[in-house]
Structure formats: C-alpha cells, structure tokens
Amino acid sequence: MTPADLPGFFCCRDDLDLAQYIELDYAFECYGDPRTAAAHLCSEQSTAQWHRIGIDEDYRPRFGAKVLELRVDGQRPTPTYAASRDCGSGEVSVCRVTIAHPHGNFGPRIPNLLSAVAGEGVFFVPGIPVIKLLDLRMPDGFLSAFAGPRFGIEGIRNLLGVHGRPIFFGVIKPNIGLAAEPFAELGYQGLLGGLDVAKDDEMLADAPWCHLERRSALLGEARRRAEAVTGVAKGYMANITDEVDRLIDLHDRSVANGANMLLINALPVGLSAVRMLSRHTGVPLVGHFPMIAALSRLPGYGIHTRVLIKLQRLVGLDAIVMPGFGARMGMDESEVLDGVAACLAPMGSIARSLPIPGGSDWAGTLEGVYHRVGSVDFGFIPGRGVFGHPMGPTGGAASLRQAWEAVVAGVTIEQYAQTHQELRAAIDAFGGKG
C-alpha cells in the first residue's frame, strides 16, 4: 500500500451515513507505521483490491472499511505473543482503532459478518502479529433484520412465575455417567427443594448411557410432579447440542417429552444453527459457553467475550450462561460485567437475554453476584452447590432460597443459618470455597 492509498481508508463520522456501517473496536500491535497498519486492516477485511488494473475506478467509497479513530498507546520491544509467521521485525506500536465497516458487504448473516470482522482479513493482516476484536456496535437498521430472543428475561419470568428475584438453576450432578432414572430423580429432588429449573450439564447430550429421549421423558414427568407438589411452575432444560442436522429432531422430541427449556452450546454448533432453532422453537433457548475461553482468554488476542455474547443474544438466545465471578473461571470482574451488560444493555429492538454468570457457585456466593450485577435480572446456576450438598439436592436448593431470604432481610448468611439448617450445612460444606 502506497502513502497515496491511505486517505481512502480514513474518514470522519460526520462524512458517513452511520446507519450503513457497523463500528468495530480493535486493539492491535503492529510493526512500522500504525496508520499504514490500520489501513491494511480496513483493506484486508473489505476491499483488498479496490480497482481493476488499467481502469479508473475506486470501490472504497461504498465498500471499503474506514478508520474513524486511531490511538497509539506506546511501543513494545517485541510483540506480546510470538507469531509463527514472519510479519516484521523491531519494536511494535500498541494501538486502539475504531473502524466503520459497511454492513452491506455481508448483510444480516452471522457467518458472513464473522468472516469479515474476525476472519482472514483481520488475523492475517501484514504487519499486525497481535490483534483482538474488542467490541462491535450495530445500527438499528441492521439489528431490525434479526428477531433476537423470542422470550428473553420477561418471557422466562412469565413461564416460571418468578418475579422480583434471581432465577435459580441447578446443574444436575453427577453430570456424566448416570443412567436416566437416577439422573431424573436428582433433578426432581432439586426442584422440590426450590430450584426453578433443573438442567442437563453442557457436556451431557444424547449419550449412550443416558439417551436424551429417555432422559427428557423422565425429567419432563419429574418437572410436572414437582409442579403438582409445590404448586408453582418449574423448568427442565434439556441439552440438545449435537450435529446441526439433528437439532430440530432433538428439539421436537425433547419438547414433546416435557422439556420446557433447551440448552445449546452455541459456539460449537454455530451461531447460525442457534438462529435456525430460535425461529423454530416454542420454548426458551439457553446458550452455554464452551469455546468462549479459547477465543477470548488472551488479553490482546482473539475476540472479547462481550462480542460473542452480543452475537448470541442477536441470534435468539433467551438466556446466556457465561463464565462468572468465581476464581475458577479466571475472569476479571470487569469482563464478567461486560458480558452481563451485553445481555441487558439496549440493542435496538432486540429483547434482553437473561445473563447467567456461573462457576463453582453456592448459597454463599449469591449475595456477591447480586451486588455485582446490580439487579435481580440474572440466573444463578450452582452444580455441586446444590447436588453436592450434605442434605442432598433438596437441601442444596433450599439453601439457595434461604441465602436469598437473608439478602432480602439484610442479614448475613451466618446469622440466617442459625435458624436454617440447610444454609448452615452449605456453609459448613462449601464455606471458603467460593
């Protein structure tokens, strides 16, 4: 790219019809001139060749991505991460850039969007060995082509009759190895104790020792029995993660058997598969986070979790399980809160998704999650905190309800546990582990 080419990839906001563009924030490290690197980043993800040889034409005004803001934060002697390819030498500049990419280049299609903003034209840019997509902002006109969540937070609350408090999910444990009958019994006990939803683990799908057909029938029946005993609505969330060509069939059979919520590992099956399911389903879809750390964990490389969560909301997930605040997840609190905001912040006409930050939670971590999130609009999702409780799943679920009662009463769980044995047992078993 020659110096004369650079202005074609730079623009002011006032000179663009921003309704035609998605804004993208990247952090990158580059060799040489940062302006040239930023122009290459725009070129490679859009009009890598913007004219035919010997013809006076320029496709950049309509089709080219354009730098809106570029900031250089300093230099490093070497890139943060060693690259396996030779793309430069010497020190690198540490940069932040905001790019406007015309969404007409790919349309309201998630695979095409990702191919542009997180594909070859981003992660193989000459002179940029390290780059991370930090955020994307989509105009209302682009968002209007997506239906988003069919239920969202309010729909899930109405389904379960739960208002004014967090929604309590429980991951049935042991998650791998149990036959359908004992697995269903554990879920039933948790629902009796106070869980709103008993759910399959993200790793348990249509397994040979616990086929989804049998498991969903037993747990669907267990859900209905728990509703009859407790007098309140309950949920069973079946994991239908599988090959894409099996998803509709697994969906239909699970729902027919009594699953009134469904779990899908959104990134492994693909966001377009989730969008397809959202168009088809009549029950809430909940996404889980396998692969999210592989794409987001390195601080300066990959794709930020907020981007991945925004896209999951866009394609129709009513609730999104994400790495939570516990030390086990290795997430900075600010990044967890970014994920929560990606579920709850205004996004055109797209409904809010229920954020479910999780990871080694139990009754003793509930208050901390509540205060960090700043509202009751979240799901709380223990596994061992319910199903590893000394008094069994019924006692584990009860300890969650008692912990919330303590929050509402404005007393510590230690105080409340003096008259609530399930909470006392949870503190004795799990205290100091959250």
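Bear in mind these aren't lab numbers, they're just calculated from the coordinates by the rules spelled out. Note that the coordinates shown come from a computational prediction; the quantities given were computed from them, not determined experimentally. In this analysis, Cβ positions are derived from the backbone assuming ideal geometry, glycine residues included, and neighbour counts consider all displayed protein chains.
Okay, here's what the table says:
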| item | result |
| --- | --- |
| Two-decimal log10 I(q)/I(0) for the stretch 43-110, as the Debye equation yields it once each C-alpha is a single scatterer, q = 0.21 Å⁻¹ | -0.97 |
| When the stretch 128-201 is reduced to its Cα atoms, the Kirkwood hydrodynamic radius in Å | 16.2 |
| Added length on full extension, which subtracts the Cα-Cα distance from 0.36 nm per residue, residue 228 to residue 140 | 27.3 nm |
| q = 0.22 Å⁻¹, the stretch 1-43: log10 I(q)/I(0) [Debye, one scatterer per Cα] | -0.86 |
| Solution diffusion estimate, µm²/s, Stokes-Einstein, the stretch 289-336, Kirkwood Rh from C-alpha pairs, 37 °C, viscosity 0.692 mPa s | 291 |
| Linear extension gain, residue 280 paired with residue 49, 0.36 nm per residue minus alpha-carbon span | 79.1 nm |
| Average projection area in nm² (convex hull over Cα atoms of the stretch 213-275, one quarter of hull surface) | 4.3 |
| Mean separation of Cα contacts under 8 Å, 6 or more apart, over the residue count of the chain: relative contact order % | 15 |
| Under the Debye formula (equal points on every Cα, no solvent term), log10 I(q)/I(0) of the stretch 373-434 at q = 0.16, 0.28 Å⁻¹ | -0.48, -1.24 |
| Karplus 3J(HN,Hα) series, Hz, for the stretch 3-12 with 6.51 cos²θ - 1.76 cosθ + 1.60 (x for Gly, Pro) | x, 5, 7, 4, x, x, 10, 10, 7, 9 |
| Using alpha carbons only: equivalent-ellipsoid semi-axes of the stretch 309-373, gyration tensor based, whole Å | 22, 11, 10 |
| Helix axis angle, 212-230 relative to the chain longest principal axis, alpha carbon, degrees | 60 |
| HN-Hα J in Hz across the stretch 324-336 - Karplus 6.51, -1.76, 1.60, θ = phi - 60°, x for Gly and Pro | x, 7, x, 4, 4, 7, x, 9, 5, 4, 5, 6, 4 |
| Given 199/234; 234/310; 199/310, the pairs whose alpha carbons are separated by over 18 Å | 234/310; 199/310 |
| Gaussian network model of the chain, Cα within-10 Å springs - most flexible of 400, 277, 295 | 295 |
| Calculated diffusion of the stretch 3-143, Stokes-Einstein form, Kirkwood radius summed over Cα pairs, 37 °C and 0.692 mPa s, µm²/s | 213 |
| ³J(HN,Hα), Karplus 6.51/-1.76/1.60, whole Hz, each residue of the stretch 339-352, x for Gly, Pro | x, 4, 5, 4, 7, 9, 5, x, 9, x, 8, 6, 5, 6 |
| Most to least packed among 336-347, 278-289 [average Cβ atoms within 10 Å] | 278-289, 336-347 |
| Along each principal axis, Cα extent of the stretch 173-305, largest first, Å | 51, 29, 29 |
| Rg/Rh (Cα only; Kirkwood hydrodynamic radius) as it applies to the stretch 93-224 | 1.15 |
| Residue-averaged [θ]222 nm for the chain, counting only DSSP H segments that reach four residues, each worth -39500 (n - 2.57) | -11000 deg cm²/dmol |
| Cα-based convex hull volume of the stretch 222-380 per residue, rounded to whole Å³ | 131 |
| Radius of gyration and maximum dimension Dmax of the chain, Cα, Å | 24.3, 85 |
